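Here's the structure, in structure tokens; my notes come after.
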């Protein structure tokens with residue numbers, strides 16, 4: 001199982017990413033629109049762990065505003081190992097510092113994040129599709145690039161574990 005602390009984007013930016021999801025689906029690429037009954041929202045994950053207890057997360061993060069009105073500017077697209085397609089925001093000092101602070105508070109509370117979410121290793125991103133079929137990868141990446149730039153503001157945050165049906169908003 002995998003759970004995450006996610007920051008959600010304003011409606012305008014979310015709508016633009018959902019349009020991209022639809023374009024990928026039309027191409028034959030399963031976007032994040034499809035899994036888990038369409039419950040995925042366009043987001044940037046601050047940390048991912050095998051499991052997160054929402055109450056423990058809320059307590060650990062009580063001293064920080066997880067969803068500050070942070071400006072995010074998606075400027076590039078990329079592919080992680082495993083053919084995971086994503087949009088990448090400019091790694092501003094504010095974004096990098098915010099993620100490190102959230103990670104540090106969770107780590108201090110004994111919650112182990114996946115290694116790729118450790119400060120200094122974390123690549124800010126918004127996943128748009130996973131396991132993209134090789135023959136469609138170039139075209140899918142082109143469609144991502146054509147959707148850019150996307151300016152967004154963080155509006156909300158939550159602990160999400162879609163496999164276990166857990167979704168809890170946090171301030």
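At a glance:
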| read-out | value |
| --- | --- |
| Among the candidates 170, 166, residue that is modelled with pLDDT under 95, more than 20 Å from residue 33 (Cα to Cα) and touching a helix residue (DSSP H, G or I) at 6+ places or on another chain (Cβ under 7 Å) | 170 |
| Residues within the range 107-129 that are out of contact with any helix residue (DSSP H, G or I) (no Cβ under 8 Å at 6 or more places or on another chain) and closer than 28 Å to residue 16 by Cβ, tallied | 4 |
| Complete set of residues in the range 13-35 that are in a helix (DSSP H, G or I) and either without any contact (Cβ under 8 Å) to a residue 12 or more places away in the chain or closer than 13 Å to residue 132 by Cα (or both) | 15, 21, 22, 24, 25, 26, 27 |
| Some residue of the range 156-171 being surrounded by fewer than 16 Cβ atoms within 10 Å (Cβ to Cβ) and at positive phi | yes |
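The values are calculated or read from the model by the stated rules, or taken from the named source; none is laboratory data. In this text, all values refer to a predicted model and were calculated from it rather than measured experimentally. Using ideal geometry, Cβ is built from the backbone for each residue, glycine included, and neighbour counts are taken over all protein chains shown.
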